[in-house]
There are 2 protein chains.
Amino acid sequence: MASQGKLFCSEQKFYGPHSEKIYTRGYLHPSIQVGMRRIQLSKSYTIDGMEFSSIPMYDTSGPYSDPAATIDLQKGLECIRDQWQTERPDTEPSTLSQHKPMHGRTPLKARDGGSVTQMHYARKGVVTPEMEYAAIRENQMLEEWISRAGIAGKKHQPVTPELVRDEVARGRAIIPANINHPEVEPMVIGRNFRVKINANIGNSALGSSIEEEVEKAIWACRWGADTVMDLSTGSNIHQTREWILRNSPVPIGTVPIYQALEKVDGIAEELTWEMYRDTLLEQAEQGVDYFTIHAGVLQEYLLPAAKRMTGIVSRGGAILARWCKKHNRENFLYTHFDEICEILTSYDIAISIGDGLRPGSIADANDTAQFGELKTLGELTLRAWERDVQVMIEGPGHVPMNLVAENMTKQLELCHEAPFYTLGPLVTDIGAGYDHMNSAIGGTLLASLGCAMLCYVTPKEHLGLPNKDDVREGVLVHKLAAHAADVAKGHPAAWLRDMLMSSARYEFAWEDQFNLTLDPVYAKRIHQESRAAKNDTNGLKDSFCTMCGPDFCSMKKSREL
Amino acid sequence: MASQGKLFCSEQKFYGPHSEKIYTRGYLHPSIQVGMRRIQLSKSYTIDGMEFSSIPMYDTSGPYSDPAATIDLQKGLECIRDQWQTERPDTEPSTLSQHKPMHGRTPLKARDGGSVTQMHYARKGVVTPEMEYAAIRENQMLEEWISRAGIAGKKHQPVTPELVRDEVARGRAIIPANINHPEVEPMVIGRNFRVKINANIGNSALGSSIEEEVEKAIWACRWGADTVMDLSTGSNIHQTREWILRNSPVPIGTVPIYQALEKVDGIAEELTWEMYRDTLLEQAEQGVDYFTIHAGVLQEYLLPAAKRMTGIVSRGGAILARWCKKHNRENFLYTHFDEICEILTSYDIAISIGDGLRPGSIADANDTAQFGELKTLGELTLRAWERDVQVMIEGPGHVPMNLVAENMTKQLELCHEAPFYTLGPLVTDIGAGYDHMNSAIGGTLLASLGCAMLCYVTPKEHLGLPNKDDVREGVLVHKLAAHAADVAKGHPAAWLRDMLMSSARYEFAWEDQFNLTLDPVYAKRIHQESRAAKNDTNGLKDSFCTMCGPDFCSMKKSREL
C-alpha cells in the first residue's frame, strides 16, 4: 500500500500558505467539533459595514489539513462519530457479517429491525449531532454576516440545526452518513444549502491500483469534493472500498450492481436478487453512505430507449436492461424495492435513485424514456420515504442549454422536491477533451435553478480513465460551477467571498487575491510565472500589473478619480 | 521577425490528419472562393435519412491550412478581395496618409466623401461579394441537410446572401471588412447566424514581441477565432498591427484610444479630439475592421460608477472618465461621434461601441451605471445607423448567473437589436486561474439567448498576459460555448456535428470521435496516453474502452439489446 508520505503532505502545502485549520464546537452537542479552513488576509476589508481580516471557509479536507492530526492510512481516520453514537443506543453489533473492518470495530445495525436514518429522527423531531454538524458547516462561522447581509435586497438567516432537521424530515435534504462510517464528517445535500459536488474515482478491469484510488480520493477532498463515489469494477473491489472508507472524511457512494456483476463474471443475466442483497449488506456493513440503485429502469421504457440515437449510456441502466430483456421480467431492483429500503433503514444509507435512462446525446435529451423513468423515480421516492429512507434523484446527462431548465422543473414536480444530483448536464456532444467544462456549463445553470449536487466530469470523459491531475481539474471546475450557482442563489457566504476578492483586486492586494481563489498555490504560481516570463520585477507591491502596465491599469485610474 | 517555419506548419498538422481544405465558389459572384475544412469520416453515417461520409466545417484558418498556398509573412496573405472591389468603383486612393502598407498598395477611401459600408449597400439592395461570402460560410455546404433537418420540430432554411443583406440593412448583423483589409475572409456577426468568438492578443509596456503576437493571432485562427482584437499598448503599436493585419484572414479589431494614449505618454488628460481622429485615420488606412469606441461614458454615469465596489474596470472607460473629470467636459468621443462615423463610412469600419462602465464584480452587475450607459449606447447606435455605419454593442463583464438573461433583454430593448458582443460574462469573481471557464459558463447562456459574439477570456485573466497555450485554451473553451449556444438555438449544422459524434461514439468509431472534437490532435493524444498508462493494447478496434472495460460498457450492452 501507499506510504503516508506520498499520499498527503503537511498542512501548509495542503491548504496553501495563508490558511489554517480551525475548529468550532457544537452547542446542542458539545462533543462535536467542526473543522474549517480560515484564510488569513493581509489586511482588513470593510464589507457592508463589517470588518474582515480573515474568512473561514467550508472545508472538506478533514484531518488531512490538521497538522495536529496523526494520519495512519493502515488504521484509518479517527472515528469522530463514536462519541455521538453512544448518545443514540438504538444500534447493536451485527451478527450477519464476516466483515472485519480495518478499524477493528464490529459493524453495527439498527436494533430489533428498527430505523436509524436521519429522516427517522428528523420526523420524530430529534436534532441529531449529524444535523447540527452539517448546520455549523453551512454557516462558515459567518452567522453575524449572514444575518446582516442583504444580498440583492433579500434578508437571510443562518442555517440552524432545526432547519436541517426540518428539511431532512420533509425529504428536501439528506445527510448521507452510514452508522458504519464513523470517520465521516456529516454534510447536508439539498437545495436550501450550499451546492455540493461529487468526485468519482475507481479502477476498472483495465485500470489502476488501490493506492492510486485512495490518493485520488484524498486529493479530491483537499480540492473540495463534498462526496466521493467509488465506482471500482474489476478485482479488489472490497479491499479498495475498505481503504477508501476508512480514510475518507466525506460520504462515500457506490453503485452496488457493479460488484454484483463481478460476482457473476460480468454476465448480467445471471444476476439474482439474493446476490444483489448480499452485496448491499456487505457494503452496508463496510460503511457506504449512499447507494446508486437503478430501480426505475422498467420494461416499458426499453422500447423508447432502444429507438434513441445512443440508447442506454448508464452502465447500471444497461446491465439491468439486459437482465430484464433476457428474463422478460421487471427489473428486480424495482420488484424488491421495499426490501432494499429495509436494509437502508438499518444502516442509514441514503438511496441515490439512478437515472439508468439518462440521455447520452443531445438528440435524446428530455425524451419519453428519460421523463418516463423520472416519473417512476418519483413514485419510488414516496415508497422510500414511507420507510424513512433518505432519497436523492440522479439526473442527466447530455442536454442542450435550452432544455436544461425543464429538467429542474420536471424533477421538482415529479420527485416531490427530493434533492437532485446530476451529472452536468453536458450541453454538447462534441466536448471530448473539454467535457469537464462542458459539464460545468450545464451544471452551473441547473444548480442555480435548484440542483443540490453536481457530479463532476473530468477532462478524460469519453476518452479514458482520470488520473490525479484530471481529478483536480474536474473538482476545481465543478467547485467553480457550484460556487457560481450559490452566488446566483444569493448565498451570503458565497457573496462575501466574491466581495472580498473584488475588494482585494481593487486594492492590488495580490496575496489576498490568490488566497481567495479555488487553488491559491496554483493562482500564485501562474501569476509569478507570467511575470518572470516578462522580466517583470515589480513584485507584488505595485498598483498595476503585467497585464496592462501602469498607464493602462483601469483599477489604478479608477481609484485615482 | 519570425521565421515562417516557426509560425505555421503544414496542412496536415494544422488541421489534424483527417481533414482537408476545400473551396466552394460564389454563385452571384463567381470570383469568390470560400475555404472550408472537410473532415473525412472512417465510415458512412445515416442521420435523419441522409448519408454522411464527410462533413465540411466552418473554417477560420484561411490560407494557413491550404497546402497549395504560398505563405510569406513579410509580404502578407493574398489580397483576395482585390478582384471583388474592382466591381465597386466607389473608392479612390487616399491622399491623406503617409502609411505604406507591407503589401505595397496605396490605402483606399470612399470616393467624394461617399459611403462604402456594407450597410450602405445593403440598404440600397445590393448584395455584395462580402455578403455572399459570409452566407456561403454559414451553410458549410450543408444546404440540403439544413433544408431537410427538423431540429426539435422546427424547419430551417439555408442562409442566403439576401438574408445576410437584409440583416445587415436592418442593423441586426454586421460584416466587419475595412476596404483596406483586402486579405480578410468576410464573415457575419448577428444573432441569426452562427455564434462567433473573438480572441484578444497584444503586447503591453511590460510585454511581448511582435513575433509572439503574430504567432498568437495565426494560431488563434487555426483553433477557431472568428475575429482577433489587437490590444497592444507600449512601443511598436503601428508595426505590430501592420504585421497582424497583413497576415490575418479574420477581421481585426482595435481600441484606438490605447494608441492615442501612447502618443501623450500615458497622460489621459492630454488627449485631444484631433489626435484621436488622426489615430483613427492611421488605423483606418492600415485596414482595421472594427474599432471599440467608448463613446457612452458620460459624466452623469461617473458618480454611480464611483460608488461601485470596483469602479471602472474597462481600460478605455477609465481613461475617458479621467479625461472628463480633469476637463469637466463631456467625453470627446460622444461630442465628436458624428465625425467619427464619417471616418468609419469612408473605410467601412464597424463600430463596437464599448461598455466603458461594464461591471467588474458581481456586486456591480446590472447597476445604474451599466444600464445607463447601455441606454446611451442605444442612442449612439441610431446615430451611427443614420450614416450607414455598422454597429455592435459590447457587454459585460462580471454578472451572476441569475442576472445574465436580463443583460440580453435590456440590450435588445435599448440597442434596437444591434449585435451584442460580450466578454463572458464571468459568473463569479473568484475564478482566477479558471476564468476562461468562468467566462464560458456565462457566455454559453448569454449566447443561447441571442448574444452574437463572445470575446474569449484566457486562464491568465486577472493574473498575467496570455501566452500561446493560454490563447489555445481560451479559444477552445469559447468555441465550446459558442457551439453549445448554436445547439441550444437549434442550428442544423451544429446539431449534425453532435449527431455524427454521438453516432460515432455509439459505433465505437474512435478516429471519427477524435476528428469531430474541437481539437482532434489533442483528443487523440489524451486517449492514447490514457491507454498507454494502463497498458491497454486493445487498440482502437474494440467495442469497449479503458474507461469501463468490456463488461461495463453501456454502449456495448445497449447495442447488443
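For chain B, the equivalent ellipsoid derived from the Cα gyration tensor has semi-axes of 38, 27, 23 Å, listed largest first.
Under the simplified labelling scheme, the A:Leu28-B:Leu303 pair shows an inter-label distance of 5.1 nm, with each label point 7 Å from Cα along Cα→Cβ. Here the Karplus curve 6.51 cos²θ - 1.76 cosθ + 1.60, taken at θ = phi - 60°, turns the phi angles of the range B:247-262 into couplings of 10, 10, x, 10, x, 10, x, 9, 10, x, 4, 5, 5, 4, 5, 4 Hz, with x standing for Gly and Pro. Semi-axis lengths, largest first, of the ellipsoid equivalent to the range B:437-479 are 21, 10, 7 Å, with √(5λ) applied to each eigenvalue of the Cα gyration tensor. By the equivalent-ellipsoid construction on the alpha carbon gyration tensor, the protein assembly as shown comes out with semi-axes of 52, 34, 24 Å, ordered largest to smallest. In terms of distances greater than 29 angstrom between alpha carbons, the cross-link table entries A:Lys21/A:Lys124; A:Lys489/B:Lys307; B:Lys21/B:Lys100; A:Lys196/A:Lys468; B:Lys196/B:Lys216 yield A:Lys21/A:Lys124; B:Lys21/B:Lys100.
Put a plus charge on the Cβ of each Lys and Arg, a minus charge on the Cβ of each Asp and Glu, and nothing anywhere else: the dipole of the protein assembly as shown about its Cα centre is then about 20 debye.
Each Lys or Arg adds one and each Asp or Glu subtracts one; over the other residues with Cβ under 11 Å from the Cβ of B:Asp435, this totals -3. Taking 17 Å as the cut-off, the amide N atoms of the range A:313-353 that come nearer than this to a point 7 Å along the Cα-to-beta-carbon line of A:Glu270 belong to A:319-320, A:322-324, A:326-327. For chain B, averaging the sequence separation of C-alpha pairs within contact (under 8 Å, six or more residues apart) and dividing by the residue count gives a relative contact order of 14 percent.
Excluding same-chain neighbours fewer than eight residues apart, the aspartates and glutamates reachable from B:Lys410 by a Cα-Cα span under 17 Å are B:Asp355, B:Asp364, B:Asp367, B:Glu373, B:Glu379, B:Glu394. The phi torsions of the range A:329-339, fed into the Karplus equation with coefficients 6.51, -1.76 and 1.60 and a -60° offset, translate into couplings of 9, 6, 2, 5, 6, 7, 6, 9, 4, 5, 5 Hz, rounded to whole numbers, with Gly and Pro shown as x.
Of interest is the spacing of the C-alpha centroids, which for the range A:236-260 and the range A:300-361 amounts to 21 Å. Plainly put, the tip 7 Å out from Cα toward Cβ on B:Val126 is 8.5 nm from that tip on each other copy, the closest given first. Residues whose amide H comes within less than 5 Å of that of B:His294, counting only those at least five positions distant or on another chain, are B:Gly354 (H built at 1.01 Å from N in the peptide plane). Based on the alpha-carbon gyration tensor of the range B:169-492 and its eigenvalue square roots a ≥ b ≥ c, which shape applies: rounded if a/c is under 1.5, prolate if not and a/b is larger than b/c, or oblate? Verdict is rounded for the range B:169-492.
The residues neighbouring B:Ala447, those whose beta-carbon lies less than 12 Å from its own, together hold a net charge of +4 under the Lys/Arg +1, Asp/Glu -1 convention. How far is helix A:315-327 tilted, in degrees, relative to the longest principal axis of the Cα atoms in chain A, given as a value from 0 to 90 rounded to the nearest 10? The angle comes out at about 10 degrees. Distances from A:Ala69 to itself in the other copies, using label points 7 Å out along the Cα-Cβ axis, amount to 5.6 nm in increasing order. Plainly put, the tip 7 Å out from Cα toward Cβ on A:Lys468 is 3.0 nm from that tip on each other copy, the closest given first. In this structure the amide hydrogen of A:Asn200, modeled in the peptide plane, comes within under 5 Å of the amide hydrogens of A:Met229, A:Tyr456, none closer than 5 places in sequence on its chain. According to the square roots a ≥ b ≥ c of the eigenvalues of the Cα gyration tensor, what is the shape class of the range B:397-506, taking rounded for a/c under 1.5, prolate for a/b larger than b/c otherwise, and oblate for the remainder? In terms of gyration-tensor shape, oblate. Counting only DSSP beta bridges whose two residues both lie in the protein assembly as shown, roughly 45 percent are antiparallel. With a cut-off of 11 Å between beta carbons, the residues surrounding A:Glu213 carry a summed charge of -1, where Lys and Arg count +1 and Asp and Glu -1. The long axis of helix B:435-448 is offset from the longest Cα principal axis of chain B by roughly 90 degrees. Residue-wise HN-Hα couplings along the range A:398-405, as the Karplus relation 6.51 cos²θ - 1.76 cosθ + 1.60 with θ = phi - 60° gives them from phi, are 9, 9, x, 3, 6, 10, 5, 4 Hz; Gly and Pro carry x.
FYI, it's all coordinate maths here, none of it is from the lab. Since the structure is predicted, the reported quantities are computational estimates derived from the model, not experimental observations. Cβ atoms come from the backbone with ideal geometry, glycine included; neighbour counts cover every protein chain shown.
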